[in-house]
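A short write-up of the structure that comes next.
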Amino acid sequence: DRLTDIEKTYFVAASFTQGLSVKEVIGLTKAMVRTGKILRFSGVTLDKHCIGGVPGNRTTLVVIPIIAAAGYVIPKTSSRAITSPAGTADTMECLAKVEMSEAKIRQVVKKTGACIVHGGSMNLAPADDKIIEVEHPLSIDAEGQLLASVMAKKYSVSANHVLIDIPMGKCVKARNLKEANHLKKMFELIGKKLGMNVQVVVTDGSHPIGNGIGPLLEAEDAMAVLRNDPLAPRDLKDKSLMLAGNLLEMVCKCRKGYGLKKAREILESGKALAKMNEIINAQWKQKKPELGLHRYLVHSSKLGKIVEIDNDIIAKIARVAGTPTDKGAGLYLTKKIHDSVKKGDLLYTVYAQSKFKLDLAKEFLRKNNGYRVN
């Protein structure tokens, strides 16, 4: 709080236009950590992070209980949505409290081995939140500040093994393999300089993951995966198992493929669901919000195959319908990428908690429904 709003804006804009060197990113990361609190946990502490941009990508709610059920400590501090239909904290809030004191978080982690809480409710790397306040209205996301932001939050919870998910696609931060590999190299380099074991996976970020888009619908998807529901979204399950498997291989130092096998075993045995229920109860279980009563069905206008689902359009429709503020608002995708459709087939359902917001979403949909059928 030593800088005025104008000075902060100059700093953020200069970091965006001029870029930050590796040395500057490390300096900024360490300064962000120093000016806030550090949650220290003894021994091996794991963490994961996705740099975002993919609607419905709620893997955290599946990965965290798998890792905790395997006996590892994984305190997850998550953000609320800035431009997406839901952040991890918004989604978890449909199941349990996410705003907690440092003492309560320590208590939850000691009891369950994990937590899924809102990072902004504590004083962890507070300068990061000040920078985001400036970036948001300017719609800029400086690479150096993105790297420092992620690494400072991980460093603040004493994580020594961190897995970073970089989705790649035309509507996300890494639009091609060159950009994804550059970010991968930077994260691993900064992790090394900070004494953290950081591994990066580049994943498909070209279309939404899961069926639900919006806090409640995404929470339902994650719980369906944990329950081993045969109707649970396969793509969300597969990606969550892959990420959990990678984390287990980082700490077990086991052969490639063993981590995935172990993660699947934990999920399918019901141990991950039991652990998630334990975390929910320790964080004070919440009454689940109701799904929006106002609904609109979006149908295919022609016969063919779904060749593209635009992440940006899908996110905007969900936000116009009321997400993330209205927890029960959002979209439920009936048809996914590469599915064949007939004319008149249901593509997805839009949910809103007021007729006014549903009408706004319908107005937006007249221009573009986000699906390309060929």
With -39,500 (n - 2.57) per DSSP H segment of 4 or more residues and division by the full residue count of the chain, the 222 nm estimate, nearest 500 deg cm²/dmol, is -14500 deg cm²/dmol
If a/c stays under 1.5 just call it rounded; otherwise compare a/b with b/c (prolate if a/b is bigger, oblate if not). Do that for the range 268-374, with a ≥ b ≥ c from the square roots of the Cα gyration tensor eigenvalues. oblate
Can you pick out the pairs among 153/253; 111/173; 23/184; 192/271; 184/237 whose Cα atoms lie more than 28 Å from each other? 111/173; 192/271
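Suppose R0 equals 35 Å. What FRET efficiency, 1/(1 + (r/R0)^6) with r the Cβ-Cβ distance, do residue 339 and residue 256 give to the nearest 0.05?
Working: r = 31 Å, r/R0 = 0.90.
Approximately 0.65, to the nearest 0.05.
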May I ask you to rank 356, 187 by accessible area, largest first, using a 1.4 Å probe over the protein chains only? 356, 187
What residues from the range 198-214 fall in the zone where the backbone N is under 16 Å from a label point 7 Å along the Cα-to-C-beta line of residue 346? 211-213
Which of the residue pairs 48/355; 104/193; 170/275; 170/288; 285/362; 37/110 have a Cα-Cα distance greater than 27 Å in the structure shown? 48/355; 104/193; 170/275; 170/288; 285/362
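Over the range 319-374, what is the relative contact order in percent, taking alpha-carbon pairs closer than 8 angstrom and at least six residues apart? Walk me through the intermediate numbers first.
Working: 54 pairs, mean separation 21.1, N = 56.
Answer for the range 319-374 is 38 percent.
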Among the GluC sites (Glu not before Pro) within the range 263-301, which fall in a DSSP loop and have no more than 16 other Cβ atoms within 10 Å of their own Cβ? 290
Rounded accessible area per residue of the range 130-184, 1.4 Å, Å²: 41
The distance between the Cα centres of the range 270-287 and the range 210-228, in whole Å, is 15
Can you work out ³J(HN,Hα) from phi for every residue in the range 101-116, in order, using Karplus 6.51 cos²θ - 1.76 cosθ + 1.60 and θ = phi - 60°, giving whole Hz and x for Gly and Pro? 6, 4, 4, 5, 4, 4, 5, 5, 5, 4, 6, 10, x, 7, 7, 9
Of (1) 20.4; (2) 18.4; (3) 21.9, the label for mean projected area of the Cα convex hull in nm² derived from the coordinates: (2)
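Do any trypsin sites (Lys or Arg not before Pro) in the range 19-122 lie in a loop, going by DSSP, with at most 15 other beta-carbon atoms within 10 Å of their beta carbon, and if so which? Don't skip to the answer; put the middle values down first.
Details: sites: 23, 30, 34, 37, 40, 48, 58, 76, 80, 97, 104, 106, 110, 111; in loops: 37, 40, 58, 80, 97.
The qualifying sites are 37, 40.
If you restrict to DSSP beta bridges whose two residues both lie in the chain, what percentage is antiparallel, to the nearest 5?
Details: 18 of 38 bridges.
Approximately 45 percent, going by the DSSP bridge assignments.
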Sequence-separation-based contact order of the range 250-349, relative, with Cα cut under 8 Å and 6+ spacing, percent: 31
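Could the peptides 200-206, 326-332, 225-231 be put in order, highest first, of the mean number of other beta-carbon atoms found within 10 Å of their residues?
Details: 200-206: 18.9, 326-332: 25.4, 225-231: 15.3.
So the peptides 200-206, 326-332, 225-231, ranked by packing, come out 326-332, 200-206, 225-231.
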Determine, for each peptide in 121-129, 245-253, the mean count of other beta carbons within 10 angstrom over its residues, then list the peptides with the highest first. 121-129, 245-253
Straight-line reach only, C-alpha to C-alpha below 16 angstrom: list the lysines that residue 367 could link to, leaving out same-chain residues fewer than 8 apart. 316
Per the chain: cysteines with no other Cys C-beta under 4.7 angstrom? 50, 94, 115, 171
Net charge near residue 255: determine it from the other residues with C-beta under 15 Å of the C-beta of residue 255, scoring Lys and Arg +1 and Asp and Glu -1. +3
Fluctuation leader among 239, 288, 256 - the chain, Gaussian network, Cα springs under 10 angstrom: 256
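Order 158-167, 362-371 from most to least packed using the mean count of other Cβ atoms within 10 Å.
Packing proxy ranking, top to bottom: 158-167, 362-371.
Which whole-number percent is the relative contact order of the chain (Cα, under 8 Å, 6+ apart)? Walk me through the intermediate numbers first.
Details: 766 pairs, mean separation 79.0, N = 374.
Computed value for the chain: 21 percent relative contact order.
The values are calculated or read from the model by the stated rules, or taken from the named source; none is laboratory data. Given the structure is predicted, the values throughout are model-derived calculations rather than measurements. Note that each Cβ is placed from the backbone with ideal geometry, even for glycine, and that neighbours are counted across all protein chains shown. Ligands, DNA and RNA are stripped out before the accessible areas are found, and what is left, the full protein with its side chains, is counted by its heavy atoms. Shrake-Rupley method; radii C 1.70, N 1.55, O 1.52, S 1.80 Å.
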